[in-house]
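S.K.: To start, I am sharing the structure in question, which I have written as structure tokens.
The values are calculated or read from the model by the stated rules, or taken from the named source; none is laboratory data. As the structure is a computational prediction, the values presented were derived from the model and not from experiment. These accessible areas exclude ligands, DNA and RNA; they are computed on the full protein's heavy atoms, side chains included. Shrake-Rupley method; radii C 1.70, N 1.55, O 1.52, S 1.80 Å.
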Amino acid sequence: MLVKIYGTSPDSAKGRYSPVECTGARKETIEGNPDPQHINTSFAERQNLTMRIHMRLTNGFSKKVEAYANAVALHFMHYNFVRNP
């Protein structure tokens, strides 16, 4: 897993609401024996973006946790078995 460290750099004291900058990163192994050169967060970030966009395009949105869990499960079932066989 790539853990990004965010903070304000000394030259970025632009204002109160200016965004923080990535000041560093460290690679950690969670499980298995991955190749350190191929550890990144792109796959997880892409999957999260795809899920957010798909959830936004649905007809309804419920604040119930159970309904949200069912919608997420339905999204992943469709994405894994229908869209990308």
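S.K.: Among the residues of segment 19-59, which ones are open to solvent by less than 70 Å² (accessible area, probe 1.4 Å), part of a strand (DSSP E or B) and not hydrophobic (A, V, I, L, M, F, W, C)?
M.R.: Gly24 - this is the single residue of segment 19-59 that is open to solvent by less than 70 Å² (accessible area, probe 1.4 Å), part of a strand (DSSP E or B) and not hydrophobic (A, V, I, L, M, F, W, C).
S.K.: I'm checking my understanding of the structure. Among residues of segment 1-18 that are among the β-branched types (Val, Ile, Thr) and modelled with pLDDT of 80 or more, which one is most open to solvent (accessible area, probe 1.4 Å)?
M.R.: So in segment 1-18, the residues among the β-branched types (Val, Ile, Thr) come out as 3, 5, 8.
Next cut, modelled with pLDDT of 80 or more only: 3, 5.
On the way: Val3: 34, Ile5: 71 Å².
Selected residue: Ile5.
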